[in-house]
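Below is one structure, written out as structure tokens; the observations come after it.
The values are calculated or read from the model by the stated rules, or taken from the named source; none is laboratory data. Every value quoted in this text rests on a predicted model; they were computed, and no experiment measured them. Positions of Cβ are backbone-derived with ideal geometry, glycine not excepted, and every protein chain shown enters the neighbour counts. These area figures cover heavy atoms from the full protein model, side chains too; ligands, DNA and RNA do not enter into them. Shrake-Rupley method; radii C 1.70, N 1.55, O 1.52, S 1.80 Å.
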Amino acid sequence: MFFADQRRVWKVGAVAGRSYAELSELFAQRRLPRGTPILLDDRMRPVEPLTSWFRAMGLAGRDAKTMRAYAYTALMLLNFLTTRGRDFASASEADLLEFRLWRREQAKETVGQAAWDRDAAAVGQLYDFLAQRGQVLGRPWRPTGRTASLDSGISRDLRVRHMELEQYLFCRDVGFGGLRPDAGLDGTFRGWWPHRNRAACELALMTGMRLQEWSTLLLPELGLTGGPKPVTADVDLAACAKYQRPRSAYVPLGAMALMDPYLLLERPRIVAKAQRALRRRSRELFVIQRLDADGARVRGVLDAGLKPVGDRRTSHAPTVTPFVAQLSSVRPLSRETPKDLENQGWCGRVG
């Protein structure tokens, strides 16, 4: 099992029997989203129909983590059926039900109900794909009264007990901020960067951003580009939003105010501590060369040193994909010291 990643090809360097020009032409003609699974046999040939299904998922924009999980489920099912002298087309309902029994109770590493429901979703979508191509008539199992899938049929609706304001403030200031209940400093606090922790809690709660939106937020999107700091901010979300559906998130006064202690006291230390790692990885990162005055457009180089010529990009901030944002988008701290880099992700692993 392999997973597509063109960046790794450029990082490896020369490929036997292929020039850079030939590789570039090949990648231009055969495009695969990053993370698309590829299953090869012992002679390095694609295993069908799984490879076609993987490619269809990739081109449909499925998340890389979802594709990886579905790929390993399909591979386990393929191996299970092969030991019984079956394939996907000849598998019967009994074969699929016994696969469920093996996966839940008899495998070397069994899974729980929630994990099996994910496996069942993968198996169902695989057979739907095969039915669309005319390779099977449909799903080989009979639907029950509860569900047409092999899953448990148990609903997992969230049952949320909302915190009161006092409970949230206790969680933010004591749990994440390193304070005692009486507002004194807790000398036994084992966390790092308490001002960043408190700002993160406030930003996540007050804006309603989802995890992917919040974790890939860049400082220029908050208007924090070195000039006058705005009191509030409106952040346009697009590529990092769920299903890439554009929407706007309002950052209120309280959330912006909690950013100040972090930016003033902790961020300079985080940036200084991260210099060695950032310089070492600078050829892999999206190095921002210029920010527009409003911070809404970034210009920089991605894949510098990995391809023969770095990929120069101009991106509107909302259209920066999660993958690019999680490359720890950096820019030189100053023109005089271009080797010193500053992470533009407000809460990234290095600042």
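For ASP182, the solvent-accessible surface computed with a 1.4 Å probe is close to 110 Å², ligands and nucleic acids excluded. I need the shape label for the stretch 163-300. Rule: rounded when a/c is under 1.5, else prolate if a/b > b/c, else oblate, with a, b, c from the alpha carbon gyration tensor. Verdict is oblate for the stretch 163-300. Projected label points at ARG161 and LYS273, each 7 Å from Cα along the beta carbon direction, are separated by 3.5 nanometres. Taking every protein chain into account, the 1.4 Å probe leaves GLU93 with about 40 Å² of accessible area, to the nearest ten. Annotation for the stretch 251-265 versus the stretch 30-105: alpha-carbon center distance of 47 Å.
First compute the accessible area of the stretch 1-79 with a 1.4 Å probe, then give the percent of it belonging to carbon and sulfur atoms. Its accessible area is 54 percent carbon and sulfur atoms. Amide H contacts of ARG297 (H built 1.01 Å from N, in plane; Pro and chain starts excluded): ASP292, ALA317 sit under 5 Å, all sequence-distant by 5 or more or on other chains.
If you take all other residues with their beta carbon under 12 Å from the beta carbon of SER92, and give Lys and Arg +1 and Asp and Glu -1, the sum is 0. For the stretch 260-266, 3J(HN,Hα) computed residue by residue from phi via the Karplus equation (6.51, -1.76, 1.60; θ = phi - 60°) reads 4, x, 5, 5, 7, 9, 9 Hz, glycine and proline entered as x. With every protein chain left in place, what is the accessible area of PHE27 in Å² (1.4 Å probe, nearest 10)? Its heavy atoms expose roughly 40 Å² to the probe. Here the stretch 188-220 is scanned for amide nitrogen atoms under 19 Å from the site 7 Å beyond the Cα of ARG180 along Cα-to-Cβ, giving 188-191, 194. Annotation for ASP260 and TYR168: the two label points, set 7 Å from Cα along the Cα-Cβ direction, are 2.1 nm apart.
For the stretch 206-287, the carbon plus sulfur part of the accessible surface works out to 56%, probe radius 1.4 Å.
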